[in-house]
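The values are calculated or read from the model by the stated rules, or taken from the named source; none is laboratory data. The structure presented is a predicted model; accordingly, all values stated were derived computationally and were not measured. FYI the Cβ positions are ideal-geometry reconstructions off the backbone, even for glycines, and counts take in every protein chain you see.
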Amino acid sequence: MKKDNDKLPEITMIQVQKRRKDRFNIYVDGEYAFPVSEAVLIKTGLHKGMTLTKERQEAIEHENNAYLAYTIAVDYLSYGLRSEKEVRQKLLENEIEMPHIHATLERLRDQKYIDDQIYGESYTRTAANINRKGPRQIEQELKRKGLDEEIIQLSLEQYPEEQQLENAAALAEKSLNKQTRTSSKDAKMKVRMHLQQKGYDKDVITKVFENLDSEKSEEDELFALRVQGEKVWRRYARKAEGRELEQKVKSNLYQKGFPGELINEYIEEKKQEMDVE
């Protein structure tokens, strides 16, 4: 039997989704039409047998998409503070249309659920207190989070120089203790590079080194030299011997920052060792 042209489309079935019990599929005139959340279903009073104009259906779909965008954002925020850029990216990943993204972000700003100033200050304190990151590293990370320059600089005020010095000194001490197999010169260079990579300014690093006991005892320096020397000696001994071998080993160890007198002492040890063999 043919339908009257004037008859409005009618909801013929409302079916709960298999994977999301809080979402429903709406069927109109026996065919799938659109999904809605439980909240929107209740709010709009959708029910089987209800007729829908095209305008009414579009309004319901619009409201549902707006609700979906908001719930995705709030769920994302429930795990911790986020920057506005991060929330926007999350919504884009969920294929939310731009008008709903803009509306959601505005709503979240009004509710103080997102605030880049608060986010930046909190991020700075956490990075400083927990991870001991330097200000330059934090600044770069906040830029990637989408914060503007003014907010970033205000956020970095949460990280006073005194704390920077304390953190940098602790990192330097920890890094230096790992350099047992390198020369004092190389160890200091590696510590300095480590602090630079962590985002500390040259002025802070200079002040840290003024109070850092970075010079090894002669015994520790000789231990490190012997460790490096054995590696170098084995490598060059494959293609060289005698005076040529000694010169290549000396040159390499000197480049690694070891003092000449200790290098000579090590070479004499190796020569005596070889004479015994």
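For the reader, a short list of remarks on this structure follows.
- Taking first residues from the stretch 238-260 that are touching a residue at least 12 places away in the same chain (Cβ under 8 Å) and partners that are among the β-branched types (Val, Ile, Thr) and assigned to a loop (DSSP other than H, G, I, E, B), the Cβ contacts under 8 Å between residues at least 6 apart in sequence or on separate chains come to Lys256/Thr182; Gly257/Thr182.
- For the stretch 211-241, the set of residues classified as buried (at least 16 other Cβ atoms within 10 Å of the Cβ) and among the aliphatic types (A, V, I, L, M) consists of Leu212, Leu222, Ala224, Leu225, Val232, listed by residue number.
- Qualifying residue in the stretch 102-123 (condition: in contact (Cβ under 8 Å) with a residue 60 or more places away in the chain, closer than 19 Å to Asp148 by Cβ and surrounded by 18 or more Cβ atoms within 10 Å (Cβ to Cβ)): no
- Boolean, Asp186 is outside any helix (DSSP H, G or I) and out of contact with any helix residue (DSSP H, G or I) (no Cβ under 7 Å at 6 or more places or on another chain): no
- Looking only at the stretch 15-25, and only at residues there that are modelled with pLDDT under 90 and surrounded by 11 or more Cβ atoms within 10 Å (Cβ to Cβ), the one that is farthest from Ile72 (Cα to Cα): Gln17
- The criterion of at least 1 residues that are of a type in the set (Gly, Ala, Ser) and outside the structural domain of Glu121 (by TED's automatic domain parsing) is met, among strands (runs of 3 or more DSSP E) falling completely within the stretch 1-106, by 31-37.
- Residue in the stretch 58-70 that is closer than 30 Å to Tyr123 by Cβ, in contact with a Lys or Arg (Cβ under 8 Å, 6 or more places away or on another chain), without any contact (Cβ under 8 Å) to a residue 60 or more places away in the chain and surrounded by 12 or more Cβ atoms within 10 Å (Cβ to Cβ) present: yes
- Residue check, Gln255 under 19 Å from Lys188 (Cα atoms), surrounded by fewer than 17 Cβ atoms within 10 Å (Cβ to Cβ) and either of a type in the set (S, T, N, Q) or in contact with a Pro (Cβ under 7 Å, 6 or more places away or on another chain) (or both): yes
One line per residue, one yes/no per condition, for (1) out of contact with any Pro (no Cβ under 9 Å at 6 or more places or on another chain); (2) surrounded by 14 or more Cβ atoms within 10 Å (Cβ to Cβ):
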{"position": "Leu171", "(1), (2)": "yes, yes"}
{"position": "Arg181", "(1), (2)": "yes, yes"}
{"position": "Asp201", "(1), (2)": "no, yes"}
{"position": "Ile205", "(1), (2)": "yes, yes"}
{"position": "Phe209", "(1), (2)": "yes, yes"}
{"position": "Gln272", "(1), (2)": "yes, no"}
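- Residues in the stretch 215-227 that are under 36 Å from the mean Cα position of the chain (by Cα) and over 15 Å from Glu269 (Cβ atoms): 2 in all.
- Which numbered condition Tyr79 fails, given (1) more than 30 Å from Gln196 (Cβ to Cβ); (2) of a type in the set (Phe, Trp, Tyr); (3) buried (at least 16 other Cβ atoms within 10 Å of the Cβ): (3)
- Pair list, Cβ < 9 Å and 6+ apart or interchain, from the stretch 147-172 residues that are touching a residue at least 60 places away in the same chain (Cβ under 8 Å) to residues that are surrounded by fewer than 19 Cβ atoms within 10 Å (Cβ to Cβ) and not hydrophobic (A, V, I, L, M, F, W, C): Leu147/Glu84; Leu147/Lys85; Leu147/Gln117
- Residues (surrounded by fewer than 16 Cβ atoms within 10 Å (Cβ to Cβ) and touching a strand residue (DSSP E or B) at 6+ places or on another chain (Cβ under 7 Å)) located in the stretch 48-57: Lys48, Gly49, Thr51
- From Glu269, Glu230, residue being modelled with pLDDT of 90 or more, closer than 22 Å to Thr180 by Cβ and more than 37 Å from the chain's Cα centre (by Cα): Glu230
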